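Below is one structure, written out as structure tokens; the observations come after it.
The values are calculated or read from the model by the stated rules, or taken from the named source; none is laboratory data. Note that the structure is a prediction, hence the values are computed from the model and not measured. Because the Cβ atoms are built from the backbone with ideal geometry, glycine has one as well, and the counts that use them run over all protein chains shown. When the accessible area is computed, the model is the full protein with side chains, heavy atoms only, and any ligands, DNA or RNA have been set aside. Shrake-Rupley method; radii C 1.70, N 1.55, O 1.52, S 1.80 Å.
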Amino acid sequence: MIPALDIDSLEHRLVAGDRAALARAITLVESRRADHQVAARTLLSRLMPLTGRAQRIGITGVPGAGKSTTIERFGCNLVEAGHRVAVLAVDPSSGRHGGSILGDKTRMEQLSVQANAFIRPSPSGGALGGVARKTREAMLLCEAAGFDVVIIETVGVGQSETVVADMVDIFLALLIPGGGDELQGIKKGLIELADLLVINKADADPAKAERSARDYRNALHILTPAHPDWTPPVLTASGLTGQGLDVLWTQILRHREVMTANGARAARRADQDARWMWAMVRDRLEDAFKTAPAVAALVPDLETAVREGEVPASAAADRLLAAFGL
Ligand code: GDP
């Protein structure tokens with residue numbers, strides 16, 4: 001058990017902006033130990049009034065699109081302008097097969113040494129739902145610690161883009177200019193999810209990047225925008241030289257202004273919160289269910305019997321639920 005006193009002191013240090021305390025609090029959130037989870041929940045409830053103040057930015061892109069390079073440059077610009085920037089990641093592959101798609105290499109070296117930046121790799125292992133919950137709670141902790149810009153990075157593995165889009169105010173797709181049929185390489189659905197498209201590496205071949213941007217703009221015109229007040233802009237930029245990143249920030253602020261004025265931003269957060277509540281209920285219920293001794297005693301044989309076709313799945317579910325008292 002974490003003594004109450006420790007939580008008090010952790011809370012105070014975190015609220016004062018102490019990065020070591022923030023890192024420790026995130027470790028509590030990520031821990032599987034039951035006492036850590038209780039402590040994490042206590043801490044989060046206490047800090048709740050201090051959350052919600054950051055500009056929450058999601059960013060996706062295939063490996064090599066330039067996410068680290070761009071976030072590093074963009075983050076350094078923001079720190080220089082007086083912001084406190086936290087960078088989190090959602091990478092469901094992390095920790096499995098000993099590697100992660102977002103990379104274990106030391107990333108964002110310049111940003112990570114800034115006193116007003118905080119970088120945390122993806123929580124490792126486990127299903128996307130668990131990784132997402134931990135990242136979302138880490139985001140709330142960052143906000144309580146006074147970080148006013150939180151960037152959540154992901155690669156498009158499975159549903160990770162949807163999950164990240166569902167915890168931020170604005171979701172960016174970082175794309176690389178290609179020749180020919182631009183839209184081939186893009187996953188169906190990503191364009192619908194993105195509030196802003198950035199064609200990166202514009203320094204390498206500006207004309208090609210412009211052509212790419214045009215193709216995406218045309219494609220976006222065919223789609224009905226997710227919100228009538230916002231047609232996702234398509235920008236060209238370079239994470240390497242920093243060109244276009246000022247426009248990117250201006251557009252993020254414009255999105256914030258427009259969507260605050262029409263109420264869409266508050267509605268998006270409200271929907272997200274409600275969905276998270278149910279996701280949490282599902283997680284905890286499933287957990288309580290699976291760890292109940294009467295259920296756990298039945299599961300191995302029953303699951304085998306279902307797999308072998310000896311017991312219908314519905315009958316097995318009935319027996320498990322009955323063992324749980326339902
Ligand atoms: P990530 O996998 O999406 O995080 O991509 P990285 O940031 O690691 O970048 C992949 C490669 O592209 C690296 O060699 C970068 O130096 C390079 N790169 C990233 N951004 C740019 C850019 O704006 N211009 C150019 N020319 N190269 C870039």
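Inspect segment 244-258 for any residue being touching a Pro at 6+ places or on another chain (Cβ under 8 Å), of a type outside the set (A, V, I, L, M, F, W, C) and at pLDDT 95 or above and give the result as yes or no.
Yes, segment 244-258 has at least one match.
Only residues that are open to solvent by 10 Å² or more (accessible area, probe 1.4 Å) and modelled with pLDDT of 90 or more: list them for segment 145-160, please.
If the condition is that a residue be open to solvent by 10 Å² or more (accessible area, probe 1.4 Å) and modelled with pLDDT of 90 or more, then G146, D148 are the ones that fit.
Could you check segment 162-178 and list, in sequence order, the residues that are among the small types (G, A, S) and not in a loop (DSSP other than H, G, I, E, B)?
A165, A173
Hey, can you tell me all the residues within segment 22-39 that are open to solvent by less than 10 Å² (accessible area, probe 1.4 Å) and either closer than 20 Å to G130 by Cβ or in a loop (DSSP other than H, G, I, E, B) (or both)?
A25, I26, L28, V29, A39
Any idea which of (1) within 29 Å of E80 (Cβ to Cβ); (2) hydrophobic (A, V, I, L, M, F, W, C); (3) in contact with a helix residue (DSSP H, G or I) (Cβ under 7 Å, 6 or more places away or on another chain) is the one F289 doesn't satisfy?
With (1) within 29 Å of E80 (Cβ to Cβ); (2) hydrophobic (A, V, I, L, M, F, W, C); (3) in contact with a helix residue (DSSP H, G or I) (Cβ under 7 Å, 6 or more places away or on another chain) applied to F289, the lone miss is (1).
Within segment 199-214, is even one residue at pLDDT 90 or above, touching a Phe, Trp or Tyr at 6+ places or on another chain (Cβ under 9 Å) and either crowded, with 23+ Cβ neighbours inside 10 Å or of a type in the set (S, T, Y) (or both)?
yes
Considering G58, G52, G66, which residue is within 16 Å of the ligand (Cβ to nearest atom), among the small types (G, A, S) and either buried (at least 23 other Cβ atoms within 10 Å of the Cβ) or over 21 Å from N200 (Cβ atoms) (or both)?
G58
Across segment 155-166, what is the number of residues that are more than 21 Å from R256 (Cβ to Cβ) and either among the hydroxyl-bearing types (S, T, Y) or touching a Gly at 6+ places or on another chain (Cβ under 6 Å) (or both)?
Summing the residues that are more than 21 Å from R256 (Cβ to Cβ) and either among the hydroxyl-bearing types (S, T, Y) or touching a Gly at 6+ places or on another chain (Cβ under 6 Å) (or both) in segment 155-166 gives 2.
Only one residue in A270, A264, A274 is within 30 Å of L196 (Cα to Cα) and loosely packed, with under 11 Cβ neighbours inside 10 Å. Which one?
It is A274.
Exactly one condition in (1) within 15 Å of the ligand (Cβ to nearest atom); (2) modelled with pLDDT under 90; (3) polar (S, T, N, Q) is not met by Q184; state its number.
(1)
Which of the residues belonging to segment 118-160 are polar (S, T, N, Q) and under 22 Å from L172 (Cβ atoms)?
Passing the criteria: S122, T135, T154, Q159, S160.
Go through segment 11-21 and give me each residue that's open to solvent by 70 Å² or more (accessible area, probe 1.4 Å), over 17 Å from T135 (Cα atoms) and part of a helix (DSSP H, G or I).
Of everything in segment 11-21, those that are open to solvent by 70 Å² or more (accessible area, probe 1.4 Å), over 17 Å from T135 (Cα atoms) and part of a helix (DSSP H, G or I) turn out to be H12, R13.
Exactly one of (1) away from the ligand (no atom under 16 Å from the Cβ); (2) in the same structural domain as R133 (by the TED database); (3) surrounded by fewer than 14 Cβ atoms within 10 Å (Cβ to Cβ) is unmet by D8. Its number?
(2)
Scanning for something within 12 Å of the chain's Cα centre (by Cα) and at pLDDT below 95, does segment 63-84 turn up at least one residue?
no
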